[in-house]
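What follows draws every value from the coordinates through simple rules; no lab data is involved. The shown structure was predicted, so the numbers you read here are calculated from the model rather than taken from an experiment. Cβ sites come from the backbone with ideal geometry, for glycine too, and all protein chains shown count toward neighbours.
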Amino acid sequence: MVFTSHIFLFYFLPITLLVYYLLPRGRNLFLLAASYIFYGWWNPWFVGLMFFATAVNYACGLVIAREAVGTPRRKHALVVSIVVSLGLLGFFKYFMFFENNLNALLTVFGADALPVLQIILPVGISFFIFQSLSYTIDVYRGDSPPVRTFSDFACFVALFPQLIAGPIVRYNTIAAQLVEREHTLDKFSSGAALFMLGFAKKILLANAMGMAADAVFAAESPGTVDAWFGIVAYAFQIYFDFSAYSDMAIGLGRMFGFEFPRNFNAPYLAESITDFWRRWHISLSTFLRDYLYIPLGGNRRGEGRTYANLAIVMLLGGLWHGASWNFVLWGAFHGALLALERKLGGGLFEKAPRPLRVGGTFVLILFSWVLFRAVTLAESADYFQALFIPRSASGGAILLDSILYTRGNLLIMGLCAVLTFRRLQAHDWVERLTLPRVVTITALFLLAIMTMHVQAFNPFLYFQF
């Protein structure tokens, strides 16, 4: 089930809210059941997978909490949690990648390729695996209290607002809220407004830019102008798509009394790549910092080790996004830039005026999005060639003009640029709801609902991760 569907909007959400607020007790258990229905809408079998991961991490957390610090059983429980969680993630997300690369290697040496086991990737597996795993690690470190009941922990892992595409919510950030949370009209109103704004961003902005970007990346030989238009369109698509989901998730959380962490903070206003990762997918970057970069030694073991740690973290961050050499190269690109900025003691454009620092960083991010969006390395190389070697469109790509440069696309791209490069974000806009803001949000929401009914099915980009 997706947020931008009539089933969710007109049936699932109203019924869930109504029952939730009518219940005098057992609200967490009800949210758990509703979340399993939400997740099982695509494939009911995947609910069993999530339940298994939840049960293993809950049991390991119990052992860790009950055993004295330093005892072998405590450490063994943590190892089991890590091995099972990462084992599930590795099998479902990376086993086919390993098989395909092994077959390519066998072919080089003249051997017969092995049969490839076709595996369906469960939606959002990276998110619920990271969340459940963070619980056992935090309990082991003493950073989080053990959960009260299995139903509370299962509710935390499966909570439908942020289940599919984040933000990655750590148990210690909502542990107290699972026990007792505040339900107020102001909180509900700001949550509903944030949900409505996120819905409008996805339908009216992200989807329109997505159609433009898809057309360019699907073209056999786009021209240079088309290539630049396409990658800027994709930059706007992925930002408004993913930030829209985060806005909707945080908004839904507030409607049920939860406060989830903010996941975006005007990322394209970043003045360096380091600054970008403080603003983009904040829940992932802080997760990688706290559970990977710092345990590896962070910047405490010398300059060379710091660069190596940055490279390892970003390579694994790239792989987290998908089993593809493009994602590996995307991570390597960001890791190299982070290491270079660390070496220089600041951003690559540190001495330039602020507009040039922001603009230069944005261009570097655009280059990284080529790797992220292209399906293969060869496709990435051809796209870079189109960006840097002036050429006109050829073949079927000559029809791009009639698709890309319509009045509607140019208007929406201009609007995206204006909204992207402003400090005030949707998350800030709903903190003080005035009558003009309420009217504007409602009008945008109604327009988005009408537009949704004439658009093709277009799920959130981060569902695949």
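Observations on the structure shown:
- Comparing 419, 122, 237 along the charge dipole axis of the chain, the residue lying farthest to the positive side is 419, per the Cβ-charge model.
- Gap separating the Cα centres of the range 208-258 and the range 26-47, nearest whole Å: 28
- Virtual spin-label span in nm between residue 19 and residue 76, 7 Å along Cα→Cβ: 4.1
- Positive-pole candidate from 68, 168, 267, dipole of the chain, charges at beta carbon: 68
- Estimated 222 nm signal from helices in the chain, with DSSP H stretches of n ≥ 4 weighted -39500 (n - 2.57), rounded to 500: -21500 deg cm²/dmol
- With N as its number of residues, the range 6-180 has a Cα radius of gyration that, divided by 2.2 N^0.38 Å, comes to 1.22.
- Descending semi-axes in whole angstrom, ellipsoid equivalent of the chain, from the Cα gyration tensor: 35, 30, 23
- Pairs of Lys residues in the chain are counted when their Cα atoms are under 30 angstrom apart and they lie 8 or more places apart or on different chains; the count is 6.
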